[in-house]
Amino acid sequence: NTGCSLEEKELPQIFESFHRGTNADKVQGNGLGLFICKRLMSLMGGEVYAEIKEERFCITLVIRLA
């Protein structure tokens, strides 16, 4: 990985269904992966967050312990 190519201004939309970032023009996909992830985490009582730290795309999962 040579660093994050996702722009920070795109972060609010990345969990929307069928959203594809401006960096995905040459990559196959439908823009559903992070949408499904967020929905599943919600159904399990958890949460998922995304941020860019030190030029890296980071995902944080918050999982409810039994």
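Conditions (1) exposed (fewer than 10 other Cβ atoms within 10 Å of the Cβ); (2) under 16 Å from PHE57 (Cα atoms); (3) touching a Phe, Trp or Tyr at 6+ places or on another chain (Cβ under 8 Å), marked per residue:
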position: SER5; (1), (2), (3): no, yes, no
position: LYS9; (1), (2), (3): yes, yes, no
position: GLN13; (1), (2), (3): no, yes, no
position: SER17; (1), (2), (3): no, no, yes
position: ARG20; (1), (2), (3): no, yes, no
position: ASP25; (1), (2), (3): yes, no, no
position: GLN28; (1), (2), (3): yes, no, no
position: GLY33; (1), (2), (3): no, yes, no
position: LEU40; (1), (2), (3): no, no, no
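Within the stretch 34-66, the residues that satisfy the criterion of being closer than 18 Å to LYS9 by Cα, under 13 Å from the mean Cα position of the chain (by Cα) and charged (D, E, K, R) are GLU51, ARG56. Within the stretch 1-42, the set of residues being of a type in the set (Ser, Thr, Tyr) and either in a loop (DSSP other than H, G, I, E, B) or touching a Gly at 6+ places or on another chain (Cβ under 9 Å) (or both) comprises THR2, SER5, SER17, THR22. Here GLY45 meets the list (1) surrounded by 11 or more Cβ atoms within 10 Å (Cβ to Cβ); (2) not in a strand (DSSP E or B) almost entirely, failing just condition (1). If you filter the stretch 55-65 down to residues that are in a loop (DSSP other than H, G, I, E, B) and either of a type in the set (Val, Ile, Thr) or at pLDDT 85 or above (or both), you find that the one that is surrounded by the most Cβ atoms within 10 Å (Cβ to Cβ) is ILE63. The single condition among (1) closer than 12 Å to LEU6 by Cβ; (2) within 12 Å of the chain's Cα centre (by Cα) that GLY31 does not satisfy is (1).
The values are calculated or read from the model by the stated rules, or taken from the named source; none is laboratory data. None of the values given here were measured: they were computed from a predicted structure. Cβ sites come from the backbone with ideal geometry, for glycine too, and all protein chains shown count toward neighbours.
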